[in-house]
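Here the structure is laid out as structure tokens; the discussion comes afterwards.
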Amino acid sequence: MSIKQEIDMASHELSVAKTFIQTHVNAAARELEGQSAEAARQLLEALPANQAHRILMHMLPPYAARLCCQLPIKLAASFLADGDANHIVAILRCMPSSKRKTLLKVMPDKIAALCLLLLSYSEDTVGARMTADIIMLPKGISVGAALKRLASNQGVSDSDAIPLVDDQIQLVGLVSVRALLSAHDDLAIETLIDSTRPALSSRASLVSVAEHEGWHRYDTLVVLNRHKQLIGLLRHVDLRRGLEQSMADARPIPTADIVSDVSQVYLSALTGVLNLFGGSANAARKQK
């Protein structure tokens, strides 16, 4: 086979592999987890940035961490930076400390700060599972000003629990978007405050808050640090996931369980590309 034919075949297989990743990203992630880090690294570098990010986010954290350690540091940071902070932290926790620190230094300041906050808590605590990038409002503004902020803010919120804080970022209470929408724009937001919702300590264990009475009425509870400052929200679904993860074994999901017979064609192409990368790496080593 000529060099041109090999290049054409590789290009075709890479194109099919991209389609497979686009349509069966979980299956592609499982396949990558079983490959050498070198072959997986070369594939990620050959993919468009959005696809590389997507498949990395669908890999189990230990495998994603191992792969990130093989990538050039700035490229790994760019692949991770667009992800959810909690997911990124799950990957960072699986890395050697030196590599983790280096990655955080080259990440955008906002996501790096969120990751550092979450990393400061033990994995089994509320702080490690909360959502830190949240919307909060100052207590002294009007309803109209609050609605403008909500419209332009990209943080996470619970429509029934927009926190209001004072100048020290201590929680004053919460207000729902529905209450804001039905109120006059000039009304002071403090008149709509609900101060009855309970709060969780960021350093409390997940087990200790699993039966908290607040979950009987609400799906989301605010999280405060030791200074009673608002630092995040904990969703009940994230609490459950945290408790499940602490009990589950981190074992790969068999590809056969999630890939249909039709997608085996794509899987074969992906395997072919990985073998091509792996073979190239082996050949290069032999020449040295």
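The values are calculated or read from the model by the stated rules, or taken from the named source; none is laboratory data. What you see is a predicted model; the values in this text were computed from it and never measured. Glycine also receives a Cβ, built like all others from the backbone with ideal geometry; neighbour counts cover every protein chain displayed. All accessible areas refer to the heavy atoms of the entire protein, side chains included, with ligands and DNA or RNA removed. Shrake-Rupley method; radii C 1.70, N 1.55, O 1.52, S 1.80 Å.
Amide H of I134: which non-local residues (sequence gap of 5 or more, or other chain) have their own amide H closer than 5 Å, using H built in the peptide plane? It is V156, by chain and number.
Judged by the ratio a/c of the largest to the smallest principal axis of the C-alpha gyration tensor, the stretch 143-238 counts as prolate, that ratio being 1.5 or greater while a/b is larger than b/c. Think of each Lys and Arg Cβ as +1 and each Asp and Glu Cβ as -1; about the Cα centre, that makes the dipole of the stretch 112-184 roughly 340 debye. Keeping all protein chains in the complex and leaving out DNA, RNA and ligands, what accessible area do you get for K18 with a 1.4 Å probe, in Å² to the nearest 10? Number for this one is 70 Å².
Among 47-57, 174-184, how do they line up by average Cβ neighbours within 10 Å per residue, starting with the highest?
Values: 47-57: 17.9, 174-184: 15.8.
Packing proxy ranking, top to bottom: 47-57, 174-184.
Measuring between alpha carbons in the structure, the pairs from K74/K101; K148/K228; K139/K228; K74/K105 lying more than 20 angstrom apart are K148/K228. Dipole of the stretch 100-218 computed with +1 at Lys/Arg Cβ and -1 at Asp/Glu Cβ about the Cα centre; of V126, P163, M136, farthest Cα towards the positive end is V126.
Given their separation in residues at 0.36 nm each and the Cα-Cα distance between them, N50 and I193 gain 47.4 nm when the chain is fully extended.
Between L243 and S120, the contour length at 0.36 nm per residue exceeds the alpha carbon distance by 42.4 nm.
Between R217 and I73, the contour length at 0.36 nm per residue exceeds the alpha carbon distance by 47.4 nm.
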